[in-house]
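Provided herewith is a single structure, encoded as structure tokens, for subsequent inquiry.
The values are calculated or read from the model by the stated rules, or taken from the named source; none is laboratory data. Here the structure is a predicted model, which means the values were calculated and not measured. Virtual Cβ from ideal backbone geometry, glycine too; neighbours counted across all protein chains shown.
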Amino acid sequence: MNKIFLCMVLCATFTFAVTPILQVERPADMPAIPVPMEIPLGETDQTLPFVLISSKQPEIILQQAPAVFSSPSGKNIGNALCTILPVDVSNRETKFIPHSAEAAFEFKQQDGRLMVFCDGKLRFSYNYGKQLAAGVPEDRRRSTYIHPILDLNGNAMTDDFPQDHLHHRGMSWMWPTVTVAGQQYDLWHIKGVTQEFEKWLAKASGPVCAYIGVKNIWRQNGRKIMDEWVWMRAFTETDKGWALDMCLTWQAVEKFIIEGEKDKGYGGLCFRLAPRENTVITTPDGVLAQDSDLTPLAWADQSGIFNGSAEKTGVAIFQHAGNPAFPAGWCLRHYGFLGVSWPGLTPFKFTPNEPVTLRFRIWIHDGDCQNGRTAAAYQVFHKPPSVKLKLK
């Protein structure tokens, strides 16, 4: 594969007029885990180079990327500087200089999939084209979802077209009840309403993260009813795992309603896990002994041994505190399902020109929930250290 190189400047005569200074305040009780962060840029700061690097050790790299957590919505995405803070950076100022850096990520497109590689290894694929597995009925054909997502050992953690639920599709966002003009349709089972790719908004890579922006639409029997914006931001590995940030925004073309399943409430962000052994589901309340529905939790984790691996790995989904009805309930299944059940049993009415946004972090980690430091990773996501950037 060809290497991608990102340069701060295109000629040696460029003069950087200001010195960016990063101010970090890390609470003393913050766990020692790398922190993927974004530092929103103000309107007057947009001329900063794409990549900055600290002038002294320890090395800190800042890379421009979409501000998926601090923007008003995915429709109006802002700009940020993203970084993974080393564990020994706290309560000090760090000066930065422009830098030329080799990108850690690469993209390949094939068969309706955008494949994202990190350091030469497949990390995940976004399925923008219509997909259908061999031997599966035509009415199961679908697009606009993520599969596969791989763990640190290269094993696929997601499943697609599983025999027990052919409509399950990797990590997706879907609802069983979509009511338009009094008629009910089903995005969950792909009956009468579909999600379709429209265009790319962004595809870029750097030394800290790769990001992808996609514009999709929903069609109800061929008629457009919804605009959908999807932003994905994948970070390089830390010593415990890697993070995938998601920003999902919807804006209706006409009034309609979405609902979770009428009894159990499932529907929303869904992660169907690949077959595994020694499955354990963990939440902030501890290990879950039985399947559950609609318990409001900030995060949930499922771990196991995938593909006969010698090591256990896991995945957690973190809900952003700015999401509607935070924390939403969950659909948790030991057969291999993590689902954030929003809006659950309460119907949600979409109104034209009123965008709705949900944000999440997906934490792919080594070991089980404890070894993967899921609780700590959630805490630094939910209450990150104070980081400011000033220009002198």
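To keep it simple, each residue is scored yes or no on (1) crowded, with 19+ Cβ neighbours inside 10 Å; (2) within 24 Å of Asp263 (Cβ to Cβ); (3) more than 23 Å from the chain's Cα centre (by Cα); (4) aliphatic (A, V, I, L, M).
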residue: Ala133; (1), (2), (3), (4): no, no, yes, yes
residue: Ile149; (1), (2), (3), (4): yes, no, no, yes
residue: Asn153; (1), (2), (3), (4): no, no, no, no
residue: Gln183; (1), (2), (3), (4): no, yes, yes, no
residue: Glu196; (1), (2), (3), (4): no, no, no, no
residue: Ser205; (1), (2), (3), (4): yes, no, no, no
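Here's a follow-up. Go through the stretch 20-54 and give me each residue that's of a type outside the set (A, V, I, L, M, F, W, C), surrounded by 13 or more Cβ atoms within 10 Å (Cβ to Cβ) and at pLDDT 85 or above.
Correct list: Pro20, Gln23, Pro36, Glu38, Pro40, Pro49, Ser54.
Filter the stretch 49-72 down to the residues that are touching a Phe, Trp or Tyr at 6+ places or on another chain (Cβ under 7 Å) and more than 14 Å from Leu389 (Cα to Cα) and list them by number.
Ser55, Ala65, Pro66, Val68, listed by residue number.
Conditions (1) touching a residue at least 24 places away in the same chain (Cβ under 8 Å); (2) touching a Cys at 6+ places or on another chain (Cβ under 9 Å); (3) assigned by TED's automatic domain parsing to the domain that holds Gly322, marked per residue:
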position	(1), (2), (3)
Thr236	yes, yes, yes
Gly241	yes, no, yes
Asp245	yes, yes, yes
Glu254	yes, no, yes
Ile258	yes, no, yes
Asp263	no, no, yes
Tyr266	yes, yes, yes
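Taking the residues in the stretch 96-117 that are assigned to a loop (DSSP other than H, G, I, E, B) and out of contact with any Ser or Thr (no Cβ under 9 Å at 6 or more places or on another chain) as candidates, determine which candidate is nearest to Arg142 (Cα to Cα).
Narrowing the stretch 96-117 to residues assigned to a loop (DSSP other than H, G, I, E, B): 99-100, 103-104, 111-112.
This time we only want the ones that are out of contact with any Ser or Thr (no Cβ under 9 Å at 6 or more places or on another chain), so: 99-100, 111.
Numbers: His99: 42, Ser100: 40, Asp111: 13 Å.
Among residues in the stretch 96-117 that are assigned to a loop (DSSP other than H, G, I, E, B) and out of contact with any Ser or Thr (no Cβ under 9 Å at 6 or more places or on another chain), the one nearest to Arg142 (Cα to Cα) is Asp111.
Scan Gly344, Gly314 and give me the residue that is in the same structural domain as Asp151 (by TED's automatic domain parsing), outside any loop (DSSP other than H, G, I, E, B), buried (at least 22 other Cβ atoms within 10 Å of the Cβ) and small (Gly, Ala, Ser). Give the steps one after another, and end with the answer.
Values: Gly344 fails: outside any loop (DSSP other than H, G, I, E, B).
Matching residue, one of Gly344, Gly314: Gly314.
What residue, among those in the stretch 322-367 that are hydrophobic (A, V, I, L, M, F, W, C) and out of contact with any strand residue (DSSP E or B) (no Cβ under 7 Å at 6 or more places or on another chain), is farthest from Ala67 (Cα to Cα)? Before you say what the answer is, go through the steps one by one.
Here is the first cut: in the stretch 322-367, the ones hydrophobic (A, V, I, L, M, F, W, C) are 325-326, 328, 330-332, 337-338, 340, 342, 345, 348, 350, 356, 358, 360, 362-364.
Then drop every residue that is not out of contact with any strand residue (DSSP E or B) (no Cβ under 7 Å at 6 or more places or on another chain), which leaves 325, 345.
Values: Ala325: 22, Leu345: 31 Å.
Among residues in the stretch 322-367 that are hydrophobic (A, V, I, L, M, F, W, C) and out of contact with any strand residue (DSSP E or B) (no Cβ under 7 Å at 6 or more places or on another chain), the one farthest from Ala67 (Cα to Cα) is Leu345.
Output the number of residues of the stretch 58-95 satisfying the condition of being within 14 Å of Arg233 (Cβ to Cβ) and part of a strand (DSSP E or B).
10
Related question: Which one of the conditions (1) touching a Pro at 6+ places or on another chain (Cβ under 7 Å); (2) surrounded by fewer than 23 Cβ atoms within 10 Å (Cβ to Cβ); (3) of a type outside the set (Asp, Glu) does Ser292 fail to meet, given that it meets all the rest?
Looking at each condition in turn, Ser292 falls short on (1).
Given (1) outside any strand (DSSP E or B); (2) in contact with a Lys or Arg (Cβ under 8 Å, 6 or more places away or on another chain); (3) surrounded by 20 or more Cβ atoms within 10 Å (Cβ to Cβ), where does Leu166 come up short, assuming only one miss?
(3)
Mind checking which residues of the stretch 206-219 are assigned to a strand (DSSP E or B) and either modelled with pLDDT under 95 or closer than 30 Å to Ser100 by Cβ (or both)? Break it down into steps so the answer makes sense when it comes.
First, pick out the residues of the stretch 206-219 that are assigned to a strand (DSSP E or B): 209-219.
Scanning the stretch 206-219 gives Cys209, Ala210, Tyr211, Ile212, Gly213, Val214.
Name the residue that is farthest from His320 (Cα to Cα), counting only residues in the stretch 37-57 that are without any contact (Cβ under 8 Å) to a residue 12 or more places away in the chain and in a loop (DSSP other than H, G, I, E, B). Quick ask: steps written out before the conclusion?
First pass over the stretch 37-57, keeping only residues without any contact (Cβ under 8 Å) to a residue 12 or more places away in the chain: 42-44, 47, 57.
In the following step, the residues that additionally are in a loop (DSSP other than H, G, I, E, B) were identified as 42, 47, 57.
Numbers: Gly42: 22, Thr47: 29, Gln57: 32 Å.
Only one residue tops the list, namely Gln57.
Just the residues that are assigned to a loop (DSSP other than H, G, I, E, B) and either loosely packed, with under 15 Cβ neighbours inside 10 Å or out of contact with any strand residue (DSSP E or B) (no Cβ under 6 Å at 6 or more places or on another chain) (or both), please, taken from the stretch 368-384.
Initial filter on the stretch 368-384 (assigned to a loop (DSSP other than H, G, I, E, B)): 368-373, 383-384.
Listed by number, the residues that qualify are Gln370, Asn371, Arg373, Lys383.
Moving to a separate point now. Identify, please: which residue in the stretch 243-287 is of a type in the set (A, V, I, L, M, F, W, C) and in contact with a His (Cβ under 8 Å, 6 or more places away or on another chain) and is, among those, farthest from Glu196 (Cα to Cα)?
Here is the first cut: in the stretch 243-287, the ones of a type in the set (A, V, I, L, M, F, W, C) are 243-244, 246-248, 250, 252-253, 256-258, 269-271, 273-274, 280-281, 287.
Those still in the list that are in contact with a His (Cβ under 8 Å, 6 or more places away or on another chain) too: 270, 281.
Values: Cys270: 18, Ile281: 32 Å.
In this case the residue turns out to be Ile281.
Restricting the search to the stretch 91-113, which residues are of a type in the set (Phe, Trp, Tyr) and modelled with pLDDT under 95? Step through it out loud before you land on a result.
Just the residues of the stretch 91-113 that are of a type in the set (Phe, Trp, Tyr), to begin with: 96, 105, 107.
Listed by number, the list holds a single entry, Phe96.
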